[in-house]
Every structure is written in structure tokens, then in C-alpha cells.
Amino acid sequence: MDGISPPPLAASPEARVQASQAPSLELCGKRDSMVADLGQQFREQSLATGLVDENAMMEIFVSPSGTWTILATGTDGISCVLAVGEGFEANTQIAGLGV
């Protein structure tokens, strides 16, 4: 990439795992397995979903402690971690009111 690195997204899954001394989370895999790992290792559950296009959807997983993961899943059933972080806060918005 011409010597340019992509910007960091937050803490990488490996950094988050090392900090908590939990087993590592694979970056891509079968959706069912990825969702189970997020639940078991980080206590994260799906909070929101959205369509990327006709070939993929994304989900935001959040834990009670505020850790979060954005997962993208293709029509082939393979999911990949796009970003992770901490300090998640949900804001309630009403559709149709300037949203």
C-alpha cells in the first residue's frame, strides 16, 4: 500500500484479549462460531444490524461492560471483525425526526 498503514481502529482484538488474558478471537470465520466466541469470551450480544449491500450485512455486538465489536457477514456465511473498542453508549433516536 505504498508504505501507508491504515489508521488504527481502537484496540485490536489481540490487544483486547491480551489485556483480559482471554483466549484469542479469530478475525474471520463461520458466523455461528464468531457469534458464540463473542458471547463466551467478551459477553457481547448483537445490539444492531444493517445491510451493507446485497452481499453483506453488519452487526454491532456489545457487552454489559461497554466493549463492542462490529462484525460483517457475507452471503457465504463467513464473518469478519471490522472494528472493536470500549466505552459503548447507546443513544435512542426516533426514526423520522431528523434522522
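Every number here is computed from the coordinates shown, using simple stated rules; none is lab data. Here the structure is a predicted model, which means the values were calculated and not measured. Here the Cβ is made from the backbone with ideal geometry for all residues, glycine too, and neighbour counts use every protein chain on show.
Here are the numbers for this structure:
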| read-out | value |
| --- | --- |
| Ranked list, fewest to most other Cβ atoms within 10 Å of each Cβ, for E86, E44 | E86, E44 |
| ³J(HN,Hα), Karplus 6.51/-1.76/1.60, whole Hz, each residue of region 67-73, x for Gly, Pro | 6, 9, 9, 9, 10, 10, 10 |
| Distant-in-sequence amide H partners of L47 (H built 1.01 Å from N, under 5 Å) | I60, F61, V62 |
| Region 76-81 - phi-based ³J(HN,Hα) in whole Hz, Karplus 6.51/-1.76/1.60, Gly and Pro as x | 7, x, 8, 10, 9, 6 |
| Taking L27, L38, L51, L71 and counting other C-beta atoms within 10 Å, the order from fewest to most | L51, L27, L71, L38 |
| Neighbour-count order for T69, T92, T75, fewest beta carbons within 10 angstrom listed first | T92, T75, T69 |
